[in-house]
Amino acid sequence: MADPRGVPGQIPVPDYRLRMATDTPLAPVDPENPDEHHIGTSRAPTAADRRSLALLDKIRRPTGFGTRAPHVAGTVVGVLAAIALLSSLFPAIRHLIHDPRRYVDDYIITLPDTSFAWAFVLALLAVALSARKRIAWWISVVYLVLFMTANVLYLIPALEDDLGVTAWDRTNIYLGLFIDALALMFLLSTYRQFYTRVRKGAIPAAFGTLIAGLVIATLLGWALVWAFPHTLTRGDRLPYAFNRVVAFGAIDQDASFDGRHTHLFVNGLLGLFGALALIAAAIVLFRSQRLRWLITAEDEALIRALIARFNDDDSLAYFSTRRDKAVVFSPDGRAAITYRVEVGVGLAGGDPIGDPESWPDAIAEFLTLCEKYGWHPASMGSSPRGAAAFDAAGFVSLNIGDEAILHTREFSLSGSAMKAVRQAVTRTRRAGVGVRIRRHNEIGDTEMAQIVARADDWRDTDEERGFAMALSRIGDPADGDCLLVEAVLDEGEPGERVVGMLSFVPWGRRGVSLDLMRRDRHGPNGVVETMVAELCRNSEQLGITEVSLNFAAFRAFFEQGPQIGAGPVMRMGYSVLMFGSRFFQMESLYKSNAKYLPDWQSRYLCFEDSRILPRVGLAAIVTEGFITLPRFGRAKHYTQGPPSIPTDV
């Protein structure tokens, strides 16, 4: 779990509030009908909408000469990476492709027989080329020039005899130069297609990590070669280890070591050592890139001010204060989009926050960022109003489920439909369970530390899950208005024991949204139902009229799929989701919400077009924590990077 305590002290926001108080007020939102005031798809397109449409079209279909060049270059380099990896892993493949691989290695491009490090380098380069990264273009061009220059040296008459160049070698060198020249011309002529940039990171730190890693890897390789020299002489062993670890085996083994070599398994380990050094450097670089871009204390202050000023009707707005997100603001600072980048997707969480009139500008700025860095833009968990704003910018929307909302004035345990909940509450109360409800700022530091420890102990996953609909922190002083509901066994007695807890974040002035739900597995059943019922019963004293519970993914399939008369698509979708529920508990989450008879608020996934939907889906699963990729840093505190607030705000 991310550091629960965060940064001491309350976030300072008065300056932003005072400045915005003089602006033209937004039309009031009717709490009984929040959708009445919304941005609809029928509004006249704004200049920001037109700008967004143009940006999204460029992301979908780049224009100009050689639009397929990044894909072609990435595919070619990716094939070479696969060959290098397979050759390093499997001796049979290494033997099968020995002659053609040797030819390519000598005359066209470096392709050693065993080098995990080189395979890793080529794989990174292939991904970067496919993403139109300008830095990958430069690396490819410089490498081709250097390789061609090295081959030209073999054609200098004064060096031919010393290097043992034959007529056959000269022919092959000319052929290799011709192929490399074609590749170089291809890259030079399609330069403008490689326009995306790499986010700034701690390049010196990554470079230092690489140098240190390669030195350590070379020394380890030297020791390994010393232990298993095979035909290598004493003087060969350190240069040989350097060649395999640092130079990726590019130095000609026959020419430099007279054909002497170590065992094949040692070659594989030497390449692995080099790959590990490169991976360590990549982790440092990617981590610094991510941390540099996460929200700062100044960003969060403005985000909180925007939420307080404009987002009374957005049940998920408070989750935009997560500190493992980045943020982009509209030029006037009145709207913002918080997002995270995973698997090449810039994934926004929920609706834009702030003034709906400035949402189109915030979306345009978000798309500008995505186009600049080669990300595919998407938004997860958007409300109908937010989806309409993204729709006006050219996005495609897909209903991914519904948010369960209770209206506390209408909530009752009476009636046959609430029998299961009523029985659970009755059973729990008979077991001696009471409910305690407090704001976080009413809880002392010592007790809050115990609450945090309890939440960690009861969590059934290694890390907190959630992104668009979860805060994933508890006990931070900045979250003092959050609400804690606890189920306490034998409350007031010396041996009282907490057996369940719910934590809610503020939703405007009259609502709360569920963030955290935990229960003691050894406690009585029904504590969650009891906490929800008691919260609704005490809602008047707490000033609460709406409670947002969990999100039910693809609710329509679970509700209609098993019914008689359901169509084949609905039945097939239901079957697939039932299978997925074995791993992700989607059906049980739907049922745990449905038993309270809530109102359902549709939530949408907005994305550029259907071709990119699988990647967007993977990014959504990763951000929600269902799949854990290598994490190059998640902020436990605010980052030290510059704030994202426009300079004139």
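Rule-based calculations on the coordinates, nothing more; no lab input. If you're wondering where the values come from, they're calculated on a predicted model, not measured in any experiment. A quick note on method: Cβ atoms are made from the backbone with ideal geometry, for glycine too, and the neighbour counts reach across all protein chains shown.
General observations
- Taking θ as phi - 60° and the Karplus parameters 6.51, -1.76 and 1.60, the scalar couplings of segment 421-435 work out to 5, 4, 5, 5, 5, 4, 4, 5, 5, 5, 6, x, 8, x, 10 Hz in sequence order, x denoting glycine and proline.
- When you filter the trypsin sites (Lys or Arg not before Pro) in segment 497-526 for DSSP loop state and at most 16 other Cβ atoms inside 10 Å of their Cβ, you are left with ARG509, ARG510, ARG521.
- Amide H contacts of VAL345: HIS376, each under 5 Å away and 5 or more positions distant or on a separate chain (H built 1.01 Å from N in the peptide plane; Pro and chain starts excluded).
- Shape call, segment 38-141: gyration tensor on alpha carbons, a/c limit 1.5: prolate
- Length gained when the stretch ARG102-ARG68 is fully extended (0.36 nm per residue, less Cα-Cα span): 9.3 nm
- P(r) weight above 20 Å for segment 409-544, C-alpha pairs, percent: 47 percent
- Efficiency of FRET between VAL145 and ASP609 - r from beta-carbon atoms, R0 41 angstrom, step 0.05: 0.60
- Applying the Karplus relation 6.51 cos²θ - 1.76 cosθ + 1.60 with θ = phi - 60° to segment 47-60 yields 3J(HN,Hα) values of 4, 5, 4, 5, 5, 5, 4, 5, 5, 5, 5, 5, 5, 5 Hz, where x marks Gly and Pro.
- Calculated FRET efficiency for the pair VAL127/ASP445, C-beta based, R₀ 41 Å, to 0.05: 0.35
- Label point of ALA420 set 7 angstrom out along Cα-Cβ; within segment 504-534, amide nitrogens under 15 Å from it belong to 526-530.
- Each label point was placed 7 Å from the Cα along the Cα-to-Cβ direction; for GLN541 and ALA453 their separation is 2.9 nm.
- Between PHE583 and ILE179, the simple label model (points 7 Å from Cα in the Cβ direction) yields a spacing of 4.0 nm.
- Counting all C-alpha pairs of segment 388-448, share separated by more than 19 Å (%): 67 percent
- With 0.36 nm allotted per residue and the present C-alpha distance subtracted, the ILE283-SER575 stretch has 101.1 nm of extension available.
- Near ASP515, the amide H atoms lying under 5 Å from its own belong to SER503, PHE504, VAL505; only residues 5 or more places off or on other chains count, and H is placed 1.01 Å from N.
- Using the rule -39500 (n - 2.57) for each DSSP H run of four or more residues, divided by the residues of the chain, the 222 nm mean residue ellipticity is -15500 deg cm²/dmol.
- Segment 534-607 and segment 52-76 have Cα centres lying 39 Å from one another.
- Spatially proximal lysines relative to LYS591 (Cα-Cα < 17 Å; intrachain offsets below 8 disregarded): LYS419
- Length gained on full extension, LYS372 to ARG509, computed as 0.36 nm times the residue gap minus the Cα-Cα distance: 45.5 nm.
- Normalised contact order of the chain, rounded percent, pairs of Cα under 8 Å and 6 or more residues apart: 19 percent
- Within the chain, the longest run free of exposed loop sites, counting GluC sites (Glu not before Pro) that sit outside DSSP helix and strand states (H, G, I, E, B) and have at most 15 other Cβ atoms within 10 Å, spans 33-409.
- Whichever lysines have a C-alpha closer than 27 Å to that of LYS58, once near sequence neighbours (fewer than 8 apart) are set aside: LYS133, LYS200, LYS325, LYS372
- Listed values (1) 3, 13, 21, 21, 16, 12, 8, 4, 1, 0; (2) 3, 13, 18, 19, 16, 11, 9, 7, 3, 0; (3) 3, 10, 13, 13, 13, 13, 12, 10, 7, 4, 1, 0, 0, entry calculated as P(r) over Cα pairs in 10 Å bins from 0, in percent: (1)
- Karplus-derived HN-Hα couplings along segment 543-549 (A = 6.51, B = -1.76, C = 1.60, θ = phi - 60°), whole Hz, x at Gly and Pro: x, 10, 10, 10, 10, 8, 9
- Near-label residues of segment 144-164 by backbone N, under 15 Å of a point 7 Å along Cα→Cβ of VAL76: 144-148
- Virtual spin-label span in nm between LEU264 and ARG61, 7 Å along Cα→Cβ: 5.1 nm
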